[in-house]
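*Asks:* Provided herewith is a single structure, encoded as structure tokens, for subsequent inquiry.
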Amino acid sequence: MTYPVALSLTHSIPIDHQIKDWYPGDGDPWHYLWAFWYFKRGLSTFPPHLFWTDLVFYPIGFEIPFLTGIGAILVPAALLVPLVGLILTYNLLWLLSFVLAGYGMYLLGRYLFQDRLIAAFCGYVFMFSSYRMMHALEHLPLVMPSFLIPLFALCLFKAVDEPTTKHWVFCALVLAVSAGISWYCTVSLMIYLAIFALCFARHHWSRIRTQGHLGSLVVAMLVLIATASPFVLPLLISPARDSIVTRQLTESSVYSADLLAFFTPGPRNPLFGRFVGPIYERFTGNPYEQTVYLGYTLLALALFGAFRSAGDKARFFRVVAVIYFVLALGPFLHVDGRYQFPVGGEVVSIPLPYLLLHYIPFVNGVRVPSRFTEVLVFALAALAGYGLSAIRSRLATPRWRAALIGVLLVGVTIESAAAPIPLISGHAPRVYSEIATPRESFMVLELPLDWRIIKYHYYQTIHEQRMLVGHPVRLREKYSTYPAGLPLIPLLRDPKLLLDGPAPADARRDAERLAAFFGVRYVIIHGEYLDRPVFEKLDRFVADHFPHVGRRVDGRVVMYTLKSPGPQGTLWPEDYRIDFGAPDRTFALLTGWAGIERWGETAGQWSNDRESSIYLHLEEPTDRVLQMRLRPMAYPGSSRQTVAVYVNGTPHGRLALEPEWAQYELTLPASLFRPGLNEVTFRYGYAIAPAKVIPGNTDTRTLAVAFDYVALRRAR
């Protein structure tokens, strides 16, 4: 079922060759490899730097509070990587996800049915479901915790049958571990726990209460809080929490499971895939989130088991299957790619219970409803076990029972298979290992400059130097538009623009300043991501404008070694003036501002977060004067806006703003500055979306202060 992964354990990883609208060979697995490397690197320093790094998106850095969300994978990975390398570590964990899922379901099957053969069938159905086979190509943190679902169910059943402190603590530990692998799994288990409590409380609560087991529940709750906190707290207290966890309802609607998809074989099925491809193209989202095929063999057995089995447990699994089926359908019913239906001349959508989850804090971070399918498959696998148990009682000999299981396994295999699993080599161009040096710090500029190319992260695990951009995991404007306000960046981000005409007249000077500003030592151009004419034009542009001492070709990669920076006195002005209303500015990096707008005769930009920063290059520390013309985002009942000024992380002064445009001035001593790159940050008293506080306003951006200009001059 996982062929040919076992034949390529040390040099290739399972990943789709071409994801629609992505670059060839790109995908999330490269990010997981980077996380393994970064976590190992972070643990080697004291104190560990696990939640912020400037190795990507230099120099503004990247907040990664979600790293602990897969922390339970990163710990064994960090231990394995030094011994066997990144590729083999990933593949071992990938294969382990199948083994654990099957074995977890097997243990629950043995508990429920007291039959190893039926338990093995349940494990096989669960571990090789179409849902898991598809997500295994992209989402290791989704398939890794699969085993926790049957394990949690087993622990709950045992805790109710024998409500000891040990059993309740086991339940708490399983739930805590899920928080350290995938919060999708955690949310699913919490909903499962709520259903379990409602179904079994009336029968068992009095016994638990009267026998004095409430203390065991309290102990389990304390254990849960203590063990889950290291995984959950970093995200909950992070300023980046909302942009990562809180997602738009439209996003959940796009990634809802289509009703037809439950009954349509997966697109990677070797027998049926070529026939169902056109159907999946009509679905919203992508094939990874829409592959929720349940299988007719599993459905038939589960339906038989649901109707023929009595008892609390069988009834419970019926309820779970129905609830998770409905949740997977998302906030609005999708049928054959449509969620809006004409009724009596009107267009209507059919709302579903998932809408309620969207308004629950933290739970609304579950942006992909179709992922509830995994618990649905689990419940159906359990019901299929009940169906097999009912059939088993009618078969005379063990041989006939084994033959029946064998035939059913063949049917399940044909329906859920996705082999051969596509592989991509983990081989990296040799230039990366040649430039790796732990004794120096510099930047490797990867071109095209595109945050969507996740494989740049994998290359960083080899050269271990800074990158100008990276992949932000969850799209945040701060990173998707980075770097903003610098010359040449539009050309490096979209090299096709070079075909439209000659390079800018001052491109060579701007290239020299770009290299000096960020400390670029190497420029690497990837031909695999560019059309041939664009690649040749970009190669010529770099050769003509970036000062270099060497050019190296390695397959479809070209690497330029830049000259060591010389005296830079002519590159940077003594005085800076940044005009936020002009398309061309002084060479300074801006983060935290929106696009140019006009207020009458004044053109400028709004800050679009709680803080904004300017990075600029200074030759020497001297006393300087900061001048600004600002206007706050005021609204009825708002307090007086304030702006706190920080220089290289050190606070120096707080301004109280007038309600309209006004000019402000602040003297900054030389001790705040340093030779080279300096950061001036503005932190605001409040930032809010106008749509929330101004009647009739539809602007949903988070705004604080509008800037006309900022000037930083030597004190005279």
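*Asks:* Taking the criterion of being over 25 Å from HIS548 (Cα atoms) and either outside any helix (DSSP H, G or I) or touching a residue at least 40 places away in the same chain (Cβ under 8 Å) (or both), would at least one residue in the range 426-442 satisfy it?
*Replies:* yes
*Asks:* Yes or no: MET133 assigned to a helix (DSSP H, G or I), under 24 Å from LEU67 (Cα atoms) and either open to solvent by 10 Å² or more (accessible area, probe 1.4 Å) or modelled with pLDDT of 95 or more (or both)?
*Replies:* So MET133 does not fit the description; no.
*Asks:* For ARG577, are the conditions met, namely being open to solvent by 20 Å² or more (accessible area, probe 1.4 Å), on the phi < 0 side of the Ramachandran plot and at pLDDT 95 or above?
*Replies:* It is false that ARG577 is open to solvent by 20 Å² or more (accessible area, probe 1.4 Å), on the phi < 0 side of the Ramachandran plot and at pLDDT 95 or above.
*Asks:* When the residues of the range 359-371 are filtered to those that are in a loop (DSSP other than H, G, I, E, B) and closer than 17 Å to SER256 by Cα, which remaining residue is most open to solvent (accessible area, probe 1.4 Å)?
*Replies:* TYR359
*Asks:* Still on this structure, I have one more. Failed condition for GLN605, given (1) under 21 Å from LEU488 (Cβ atoms); (2) open to solvent by less than 30 Å² (accessible area, probe 1.4 Å); (3) not in a strand (DSSP E or B), with all others met?
*Replies:* Among (1) under 21 Å from LEU488 (Cβ atoms); (2) open to solvent by less than 30 Å² (accessible area, probe 1.4 Å); (3) not in a strand (DSSP E or B), the lone unmet condition for GLN605 is (3).
*Asks:* Of the residues ARG683, ARG701, ARG713, which single one is part of a loop (DSSP other than H, G, I, E, B) and either among the basic types (Lys, Arg) or modelled with pLDDT of 90 or more (or both)?
*Replies:* ARG701
*Asks:* Can you tell me which residue among GLY109, GLY123, GLY69, GLY102 is closer than 30 Å to ARG401 by Cα and touching a Phe, Trp or Tyr at 6+ places or on another chain (Cβ under 6 Å)?
*Replies:* Exactly one of GLY109, GLY123, GLY69, GLY102 is closer than 30 Å to ARG401 by Cα and touching a Phe, Trp or Tyr at 6+ places or on another chain (Cβ under 6 Å), namely GLY123.
*Asks:* Moving on to the next point. Which residue is least open to solvent (accessible area, probe 1.4 Å), if the candidates are limited to the range 455-489 and must be modelled with pLDDT under 90 and part of a helix (DSSP H, G or I)?
*Replies:* Going through the qualifying residues, I end up with TYR479.
*Asks:* Go through the residues of the range 631-639 one by one and say whether even a single one is under 23 Å from GLY595 (Cβ atoms) and aromatic (Phe, Trp, Tyr).
*Replies:* Within the range 631-639, one or more residues are under 23 Å from GLY595 (Cβ atoms) and aromatic (Phe, Trp, Tyr).
*Asks:* Moving on to the next point. Being outside any strand (DSSP E or B) and in contact with a Pro (Cβ under 8 Å, 6 or more places away or on another chain) is the filter; apply it to the range 542-570 and report the residue that is least open to solvent (accessible area, probe 1.4 Å).
*Replies:* GLY555
*Asks:* Another question about this same structure. Here is a list: LEU356, LEU395, LEU380, LEU352. Which entry is out of contact with any Phe, Trp or Tyr (no Cβ under 6 Å at 6 or more places or on another chain), open to solvent by less than 20 Å² (accessible area, probe 1.4 Å) and not acidic (Asp, Glu)?
*Replies:* Result of the check over LEU356, LEU395, LEU380, LEU352: LEU380.
*Asks:* Would you be able to tell me the number of residues in the range 510-524 that are part of a strand (DSSP E or B) and open to solvent by 20 Å² or more (accessible area, probe 1.4 Å)?
*Replies:* Here is the first cut: in the range 510-524, the residues part of a strand (DSSP E or B) are 520-524.
So of that shortlist, the ones also open to solvent by 20 Å² or more (accessible area, probe 1.4 Å) come out as 521-522.
Summing the residues that are part of a strand (DSSP E or B) and open to solvent by 20 Å² or more (accessible area, probe 1.4 Å) in the range 510-524 gives 2.
*Asks:* Separate question: Can you pull out the residues in the range 530-541 that are in a helix (DSSP H, G or I) and either open to solvent by 60 Å² or more (accessible area, probe 1.4 Å) or under 18 Å from HIS463 (Cβ atoms) (or both)?
*Replies:* Listed by number, the residues that qualify are ARG532, PRO533, GLU536, LYS537, ARG540.
*Asks:* Sticking with this structure for a sec: List pairs: first residue in the range 648-675 and open to solvent by less than 40 Å² (accessible area, probe 1.4 Å), second residue of a type in the set (Ser, Thr, Tyr) and in a strand (DSSP E or B) anywhere in the structure, Cβ distance under 6 angstrom, at least six positions apart or on different chains.
*Replies:* Matching pairs, first to second residue: LEU655/TYR664; LEU672/THR650.
*Asks:* While we're here: Restricting attention to the range 627-647, which residues are open to solvent by 40 Å² or more (accessible area, probe 1.4 Å) and either of a type in the set (Val, Ile, Thr) or under 25 Å from LYS692 (Cα atoms) (or both)?
*Replies:* ARG631, ALA634, TYR635, PRO636, GLY637, SER639, ARG640
*Asks:* If GLU446 satisfies every condition in (1) outside any strand (DSSP E or B); (2) closer than 22 Å to PRO495 by Cβ but one, which is the exception?
*Replies:* GLU446 satisfies every listed condition except (1).
*Asks:* Okay, moving on. Has the range 101-121 got any residue that is surrounded by fewer than 24 Cβ atoms within 10 Å (Cβ to Cβ), over 32 Å from the mean Cα position of the chain (by Cα), of a type in the set (Ser, Thr, Tyr) and more than 18 Å from TYR324 (Cα to Cα)?
*Replies:* Yes.
*Asks:* Also, quick follow-up: Looking at MET144, is it closer than 18 Å to PHE378 by Cα, open to solvent by less than 10 Å² (accessible area, probe 1.4 Å), assigned to a helix (DSSP H, G or I) and not β-branched (Val, Ile, Thr)?
*Replies:* The answer is no for MET144.
*Asks:* I've got another one for you. Specify which of the listed residues (PRO163, PRO150) is assigned to a loop (DSSP other than H, G, I, E, B), touching a residue at least 24 places away in the same chain (Cβ under 8 Å) and either open to solvent by less than 10 Å² (accessible area, probe 1.4 Å) or among the acidic types (Asp, Glu) (or both). Please lay out each step first, then the result.
*Replies:* On the way: PRO150 fails: assigned to a loop (DSSP other than H, G, I, E, B).
Going through PRO163, PRO150 in turn, just one is assigned to a loop (DSSP other than H, G, I, E, B), touching a residue at least 24 places away in the same chain (Cβ under 8 Å) and either open to solvent by less than 10 Å² (accessible area, probe 1.4 Å) or among the acidic types (Asp, Glu) (or both): PRO163.
*Asks:* Identify the residue in the range 252-280 that is modelled with pLDDT under 95, assigned to a helix (DSSP H, G or I) and aromatic (Phe, Trp, Tyr) and, among all such residues, is nearest to the chain's Cα centre (by Cα).
*Replies:* Ranking the candidates gives TYR280 first.
*Asks:* Tell me which of these GLY595 doesn't satisfy, since it passes every other one: (1) farther than 25 Å from ARG674 by Cβ; (2) at pLDDT 90 or above; (3) part of a strand (DSSP E or B).
*Replies:* Of the numbered conditions (1) farther than 25 Å from ARG674 by Cβ; (2) at pLDDT 90 or above; (3) part of a strand (DSSP E or B), the odd one out for GLY595 is (2).
*Asks:* Under 32 Å from the mean Cα position of the chain (by Cα) and farther than 22 Å from ALA706 by Cβ, is that true of LEU672?
*Replies:* On the way: under 32 Å from the mean Cα position of the chain (by Cα): no; farther than 22 Å from ALA706 by Cβ: yes.
No, not satisfied.
*Asks:* On to the next question. Could you grab me the full set of residues in the range 1-54 that are exposed (fewer than 15 other Cβ atoms within 10 Å of the Cβ), touching a residue at least 12 places away in the same chain (Cβ under 8 Å) and within 18 Å of HIS463 (Cβ to Cβ)?
*Replies:* ASP54
*Asks:* Please go through the range 107-125 and give me each residue that is touching a Lys or Arg at 6+ places or on another chain (Cβ under 8 Å) and either aliphatic (A, V, I, L, M) or assigned to a helix (DSSP H, G or I) (or both), ordered by number.
*Replies:* Residues satisfying the conditions are ARG110, TYR111, LEU112, ARG116, LEU117, ILE118, ALA119.
*Asks:* For the range 55-87: of the residues being open to solvent by 10 Å² or more (accessible area, probe 1.4 Å), among the β-branched types (Val, Ile, Thr) and at pLDDT below 85, which is nearest to ILE13 (Cα to Cα)?
*Replies:* Selected residue: ILE70.
*Asks:* Here's another thing I want to ask about it. Within the range 392-413, which residues are more than 44 Å from the chain's Cα centre (by Cα) and either within 29 Å of TYR293 (Cα to Cα) or not charged (D, E, K, R) (or both)?
*Replies:* Selection gives ARG392, SER393, LEU395, ALA396, THR397, PRO398, TRP400, ARG401, ALA403.
*Asks:* Further question on the same structure: Pick out the one residue from VAL319, VAL326 that is in contact with a Cys (Cβ under 9 Å, 6 or more places away or on another chain) and either among the small types (Gly, Ala, Ser) or not in a strand (DSSP E or B) (or both).
*Replies:* Result of the check over VAL319, VAL326: VAL319.
The values are calculated or read from the model by the stated rules, or taken from the named source; none is laboratory data. These numbers were taken from a predicted model, which means no experiment stands behind them. Positions of Cβ are generated from backbone atoms using ideal geometry, with glycine treated the same way; all protein chains shown enter the neighbour counts. Side chains included, ligands, DNA and RNA excluded: accessible areas come from the protein's heavy atoms. Shrake-Rupley method; radii C 1.70, N 1.55, O 1.52, S 1.80 Å.
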